[in-house]
Structure formats: structure tokens, C-alpha cells
Amino acid sequence: MELLRNIFDSDVMEKTINSVIKVNDNKDIITEIQEYVVTNEVEEHYKRFFDAYFNNSAPDTCVWISGFFGSGKSHFMKVLGYLLQNQNYQGIDVVKIIANKIKNNALLAADLKNKLTKQNNKVILFSMTDVSSHDKSLLESIYSQIMVCFGYSESAELAKYELTMTLEGKYEEFKQMVLEEEGEEWEKFRDLKLNNRNRVLNNVIPKLYPEVYKDEFKLSDVFMDISVTSDKIAELIKTMENLHPEYDNTILMIDEMGQYIGNDEEKMLYLQGVAESIDKVRKELSGKGIWLIVTSQQKLQDMIEDFDANSKRKFNRLSHRFSTRLDLRSEDIDRVIKDRVLRKKQNCANELIEYYNNNGGAIASNLKIENSRNIYIGSQETFIESYPFLNYHFYIARDLLQEMMGPDKKHVNYGERNMIRLTQNVLKNSMIEMPFGSFASLDFIFDAIKQDIENETRLDIERRIPEVFEGYENQELYVRVAKALFVLGHVKYIGNNIKNISACLTNNPLSPVSENDVKIVLNELIEKGFVGKANEGGYKLLSVKEKKIEEKIKDVTVRRSDIDRKRRDIIEDLLKEVKIGIRHMGSKFEVNLTIDGEEKSKGGFISIEIQTSDEGQILLAIDNNEKVVKWYTTAQIEINNMITRMLKLSRAISELKDDSLEAITIKREKQIELD
């Protein structure tokens, strides 16, 4: 039988795909350019941007690129930066390669080749997540990156002094003096050897400016505090334009600006100030272009809407300043994965069509999942493109990765690469030797990202569960179910119930994982304290704190008399309307209600006696006078277990003193279960 390794028309199995793509890292530039997939959506975004860029179709030169996790916005910006730089890398013509990838717009491709290749632009490309720090404001970060890009120091104060020397025609002379006196270039001292740097400055600056420092030179004369403003950033760009007339445009590209700003009004106003100041200077420099391009998870208008009414009014000008807005959809990464990683050989595509036609019923029946987003397996075409994944696997993987990034989403801009890497890892590490007709499952997805999972959870799944259930029937299923629960626990719109768990662990739709086996495994995992019950008949993998709380719940002592009393209370509550009387044909008959010999109401015409029994059968008896109804309930094991859990929960919740956020969340969930 043919193995999966042989069906792909790609060398993806041998390639190494980095999980991180940094906008200012050119190490893998050739691979990134050659493998970049220009989808129809990307073409549309290029068209809109370059229409504004070449034809001045927009009233300003500010661009807002938005897209949530997995949309590839950072990769889009990086490739756009390569295009605008118009450079060759090791003989690779970036503009030509990207232009040839544009299939639906010959005019756009021609503009890139004929117009962009004639330009010489200065592109300043960086990510706010890489350069921002607690001691640097947004304005200081932008100012420093402009300086660094033009060859000056990372220190804004020192860079300002270097620029002053440049404007005075002294900077090259200064660097030559450093080389002659120290035997090393100035750049080696500047940002790496701080103690030596200060010594060099003390030695060389007085000689460079003997008239100025004939009495005394102090380092504070170099490291003078500067207060960076939006206007100073714009003036700096203007100065650099004048110093470097060889550049046609200066293009400032800042990745993850929206993430950096968050809901900080001050940072938002800083960005607005930069946009306005740049626009002002741009109009002063006729024939020169200054562009500001930023990325964000949210659309600009959505970010503004998150602020209160007073703040929204302050951002009115910002809304008008970024007139070119490009919104990338997360779904577009699916197309990239299918083209880069999952492209099939033609003969295998034909085999997949035949397989789908012959087994479509089994696939639909045994691999379908219940979800609130109406995500289906998809059409025949989608099936062939996605195989051995199913359409919903991409949604699950994307949302799993996003949830795992944590509340700060610090590396959310790496979503596209993580999605590609995850897909490749599932193929390489879990499926490469499986036979044709096999499908991905959630335990494979877990294995592909397990290096990013906290140690305690991994220890539970990979060591403790195998140890506890060693020798059990279906031993491997315990681990697989735990892995599936971890994944489903991060995807809120898919029920983590028995049916879905079985479907998500089935590798062969002709031999599905048994729901009964999954139920047995779940009950055992609950008994051993690894799993708990969730809402709406679901299950969840317990966190470390949840397990400790569950241990406290188990340690609560419940007396048999408490269980019996609670059972009587429940039955009484169920019969509260019967207890006040039964109406029949316009007449009301009072009721004598007795539960386990305890009288609940009396003085009635009809007597109802309820006896809870451990004998496992129902007996409904009516006395000869037809005024007494006796009801014996079924076996009480399951009911007693439920009541025992209820009583233990109630006591444990009331005694829980942990006020941490996780504990409060767990307490709320337990209260919902109790209710």
C-alpha cells in the first residue's frame, strides 16, 4: 500500500521551516522570496497599495495593514519591504520574482518591473516588539531606528552627536582619527565596548574640536538629553533626505504597531502626531516621498472604537490620515499551506478523487465534528487540497496557537510561520510512514506543538498517564484522549464531548475510534484525577491548580445520611407542584406526600409514597382503595454519586481561600457545575 510520503509534489519533508519570521532579519531572504505565495487576496492588496504608491491615488502616504493570527501580515510587510528596496540578493531579483508570481493582473506586474526597478528607496523596516522597551517611548524607538538604519548609534543621544558631526563635515574625519589612534573602527567601540567607547570619545573629540574644548571636555557634552517629539522625527527624516539625495523615497515600515499601542491613548496620539508631522514634511519636499506603513491585528477603525467617546474624538485625524488600509484574512494562510506544504502529485490527486468518491460517506459520518461555527469537512476539491488534514484542522490549529500565545500575544506576528511549521511537523513526525487513506488527528497536532506546552501538562500526558494506566486495555488511548482534550480545551467553539473526541482521534474513517472505548477511558481519567467534567456534557484536562482543588473535593467527607437527605430534598423539589394538590376535571385533590417514610404533606385525599431503593427496579403500586400510589425508584448508584459530588463541591467551594485569577475562574466553573 502506498505511503503518505510519496503523494506530495514538494520537498517539504526535508525543509526546515522556522517558526519565527522577523521583519528586520534578512538571513533567509532568498528562501522567503522564492517560496512566498501570492494569493488572489495578496494580489488585490498589492494592487491597492501600488495604485496609491505609483499614481498618488490616496490623499496621504500612510498605510494600515491589519490581520489577526495566521493572516501573514508580517510576512506580507516584509516582502513588500523587499520589493520597495528593489535590491538583488545573491543574484536574486526580488522584484522580478514577485512580479512573476502575480497571475491575475498583468498591468500590476508590468508596473513592478518597469517602475519599481528604476527607483532607489530607503526602507526602514523594524518591529515594535523587537525594539520597544520600558525606558523607550514610541517616539524614541522610531527615532533610534531611523538613526540606526542610516548608520548611526543605537543611543539616540550619541546618534544625535554623530549626525551633528556629519552636518559639520567632521564625522568621517572623526572615524578616521579613531581608526588611526585605536587601530579599530569606531563602530566596534560605539555600541559594544561601552567603557572603551567613553575613553575613545574623551581622547578624540577634543582633538577634533580643539577650539571648542581647549579647556575641558565632558562626556555630557556628547550625551545630552534630547526630548524626542513627532516633529523631531519628521525633521530627522527631512535631514536624511537632504543628506542622501540618491534616495527617491524614505519608507518607514513598522510591524506590530497595533499590538504595541494596545489600548494606550498616549501611544495612539503619538502615532497620530508622527503621521501628521511626516505628512507636513512630505509636502515640503517636492519630488520626494515619505511613507509610513504599520501593521496591527485590528483594523484601525476597530482599534479606535475600543476607546471611550472622548478619546475617539482625539483620534479623528488619525482615522483620516491612514486612507490606505489593507486587511488580510486568516483564511489566506490555508491557501499558502496547501500550495507550499500539501501540494499533491497529479496521479495522487486522481487517486484521492477516487478515494473520496468511494468513502465519502464514511468520512462524513466518522470524521464529522459538532461545532458552533458550522465548519464542515468541505467539498471534494477542499478535501483533495487539504488531505491528509480536514478543513476543520486548520481552524483548530490556528486557534490553538493563538490561545497558547497567552494574553499578551507577544509573538502573534509569527502565526503564519507557526501554522506552516505545525503542518509540516504533523506530516514529518507523525504521518510520513502511514498508509494512503490515513488522516491527521488531534494527538498529532498536540505532538507538533508540545515543545511550547508547559512542563507540568506535558509530564501528566507523556509520563504520569502512561505510568498510571500501564497494562490497561487500550493503554495508548488514555494518552491520545488526554492530548485531544488539551487541544479542544483551547478551541471554544468545538464541544469536547465523547462524539467529537472519537472523531478527532480517528485516523481511518473505515475503522473509527469507538465512542464506548473513549467513554471508558474518560471515566478512568476522571477517577485518577487527570480529567474533569465540563459544561454541556463535555470533558476537560485538569490544570495543576484544578487537580489540587479536585483533590480537596475528594477529601471532603460526606455521610450517608446527608446523601439520603439531599436525595429526598431533590425529589421533594421535583414534586413541589404535586405536593400542593392535583387538579383533575376542575377539581383539586389534596395530596399526602411521604418520601422514605418522612411525611412532607398531609391531610390529603390521595397518598403518594416514594421509596428510594437499591434493588434496581421500578415498581408502581396502587392500593386496592386506589387512593395510595407507591413509587419505588431505580438503583441509586449513579444518583448517589451525583449527589455525593454535589455535596463535596458545595463544601469545597465554600472553603476555597485562593484568590488568584485562575482559582476564581475554577471556582466559578465549579459553581456552574454545582448549579
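Looking across region 419-449 at every residue that is open to solvent by 60 Å² or more (accessible area, probe 1.4 Å) and of a type in the set (D, E, K, R), the one that is nearest to VAL544 (Cα to Cα) is identified as LYS428. Applying the set (1) over 30 Å from PHE436 (Cα atoms); (2) surrounded by fewer than 20 Cβ atoms within 10 Å (Cβ to Cβ) to ILE293 leaves exactly one unmet item: (2). Scanning region 478-517 for residues that are under 14 Å from GLY537 (Cβ atoms), out of contact with any strand residue (DSSP E or B) (no Cβ under 6 Å at 6 or more places or on another chain) and in a loop (DSSP other than H, G, I, E, B) yields GLY495, ASN497.
In region 1-17, the count of residues that are over 28 Å from the mean Cα position of the chain (by Cα) and modelled with pLDDT under 80 is one or more. Of the residues making up region 365-381, those that are part of a helix (DSSP H, G or I) and modelled with pLDDT of 90 or more are SER365, ASN366. Working only within region 360-384, note down all residues that are more than 27 Å from the chain's Cα centre (by Cα) and open to solvent by less than 30 Å² (accessible area, probe 1.4 Å). Within region 360-384, GLY360, ALA362, ILE363 qualify. In region 47-106, the residue that is modelled with the highest pLDDT out of those that are in a strand (DSSP E or B) and open to solvent by 40 Å² or more (accessible area, probe 1.4 Å) is ASP93. Applying the condition of being surrounded by fewer than 16 Cβ atoms within 10 Å (Cβ to Cβ) and within 31 Å of the chain's Cα centre (by Cα) to region 469-514 and asking which residue is nearest to TYR376 (Cα to Cα) yields TYR493.
In summary, ASN350 fulfils each of the numbered conditions (1) of a type outside the set (Val, Ile, Thr); (2) closer than 17 Å to THR382 by Cβ; (3) modelled with pLDDT of 90 or more; (4) loosely packed, with under 14 Cβ neighbours inside 10 Å with the single exception of condition (3). Which ones in region 303-314 are surrounded by 14 or more Cβ atoms within 10 Å (Cβ to Cβ) and more than 30 Å from the chain's Cα centre (by Cα)? Across region 303-314, the qualifying residue is only LYS314.
Against the definition (assigned to a helix (DSSP H, G or I), open to solvent by 60 Å² or more (accessible area, probe 1.4 Å) and modelled with pLDDT under 95), how does ASP111 come out, yes or no? Spelling it out, it is not the case that ASP111 is assigned to a helix (DSSP H, G or I), open to solvent by 60 Å² or more (accessible area, probe 1.4 Å) and modelled with pLDDT under 95. Scan region 546-570 for residues that are open to solvent by 60 Å² or more (accessible area, probe 1.4 Å) and either in contact (Cβ under 8 Å) with a residue 60 or more places away in the chain or among the small types (Gly, Ala, Ser) (or both) and the total you get is 3. For THR644, the stated conditions hold: it is under 58 Å from the mean Cα position of the chain (by Cα), at pLDDT 70 or above and surrounded by fewer than 17 Cβ atoms within 10 Å (Cβ to Cβ). Counting the residues of region 320-341 that are within 16 Å of TYR270 (Cβ to Cβ) and open to solvent by less than 40 Å² (accessible area, probe 1.4 Å) gives 1. Tell me, yes or no, whether region 531-539 has at least one residue that is open to solvent by less than 50 Å² (accessible area, probe 1.4 Å) and assigned to a helix (DSSP H, G or I). So far as region 531-539 goes, no, none of its residues is open to solvent by less than 50 Å² (accessible area, probe 1.4 Å) and assigned to a helix (DSSP H, G or I). Within region 531-561, the set of residues being among the basic types (Lys, Arg) and more than 28 Å from the chain's Cα centre (by Cα) comprises LYS548, LYS552, LYS554, ARG559, ARG560. More than 20 Å from MET128 (Cβ to Cβ) and open to solvent by 60 Å² or more (accessible area, probe 1.4 Å): is that true of ARG317 in this structure? The answer is yes for ARG317.
Within region 454-468, restricting attention to residues that are open to solvent by 10 Å² or more (accessible area, probe 1.4 Å) and β-branched (Val, Ile, Thr), which residue is farthest from GLU370 (Cα to Cα)? Can you show your working first?
The first filter runs over region 454-468 and keeps only residues open to solvent by 10 Å² or more (accessible area, probe 1.4 Å), leaving 454-460, 462-464, 466-468.
Checking the rest, the ones that are also β-branched (Val, Ile, Thr) come to 457, 468.
Working: THR457: 26, VAL468: 31 Å.
It comes out as VAL468.
Say whether the condition of being more than 13 Å from ILE142 (Cα to Cα), touching a strand residue (DSSP E or B) at 6+ places or on another chain (Cβ under 9 Å), assigned to a helix (DSSP H, G or I) and touching a residue at least 60 places away in the same chain (Cβ under 8 Å) is met by at least one residue in region 241-256. No: zero hits.
If you go through region 213-225 one residue at a time, do you hit one that is surrounded by 14 or more Cβ atoms within 10 Å (Cβ to Cβ) and within 14 Å of LEU138 (Cα to Cα)? No: region 213-225 contains no residue that is surrounded by 14 or more Cβ atoms within 10 Å (Cβ to Cβ) and within 14 Å of LEU138 (Cα to Cα).
Just give me the residues in region 105-124 being aliphatic (A, V, I, L, M) and touching a Phe, Trp or Tyr at 6+ places or on another chain (Cβ under 9 Å), in sequence order. Please lay out each step first, then the result.
Narrowing region 105-124 to residues aliphatic (A, V, I, L, M): 106-110, 112, 116, 123-124.
Result: LEU108, LEU112, LEU116, VAL123, ILE124.
Give the residue that is nearest to ILE233 (Cα to Cα), with candidates limited to residues of region 246-259 that are in contact with a Lys or Arg (Cβ under 8 Å, 6 or more places away or on another chain) and either at pLDDT below 90 or hydrophobic (A, V, I, L, M, F, W, C) (or both). Among those residues, the one meeting the criterion is ILE251.
Please specify each residue of region 226-250 satisfying the condition of being farther than 22 Å from GLY151 by Cβ, open to solvent by 50 Å² or more (accessible area, probe 1.4 Å) and touching a helix residue (DSSP H, G or I) at 6+ places or on another chain (Cβ under 7 Å). Lay out the reasoning, then the answer.
The initial filter retains those residues of region 226-250 that are farther than 22 Å from GLY151 by Cβ, namely 227, 229-231.
Among the residues that remain, those that are also open to solvent by 50 Å² or more (accessible area, probe 1.4 Å) are: 227, 229, 231.
The answer is THR229, ASP231.
A residue that is within 39 Å of the chain's Cα centre (by Cα), part of a loop (DSSP other than H, G, I, E, B) and at pLDDT below 95 occurs nowhere in region 159-182.
A Cβ distance below 6 Å, combined with a sequence gap of six or more or placement on separate chains, defines the contacts here; from region 394-407, residues that are of a type in the set (A, V, I, L, M) reach residues that are at pLDDT below 80 and not in a loop (DSSP other than H, G, I, E, B) in the pairs LEU401/ASN418; MET405/VAL412. Checked against (1) closer than 26 Å to ILE420 by Cα; (2) modelled with pLDDT under 85, PHE389 meets all criteria but (2).
The values are calculated or read from the model by the stated rules, or taken from the named source; none is laboratory data. As the structure is a computational prediction, the values presented were derived from the model and not from experiment. Backbone-built Cβ (ideal geometry, glycine too); neighbour counts: all protein chains shown. Heavy atoms of the whole protein, side chains included, go into the accessibility calculation; ligands, DNA and RNA do not. Shrake-Rupley method; radii C 1.70, N 1.55, O 1.52, S 1.80 Å.
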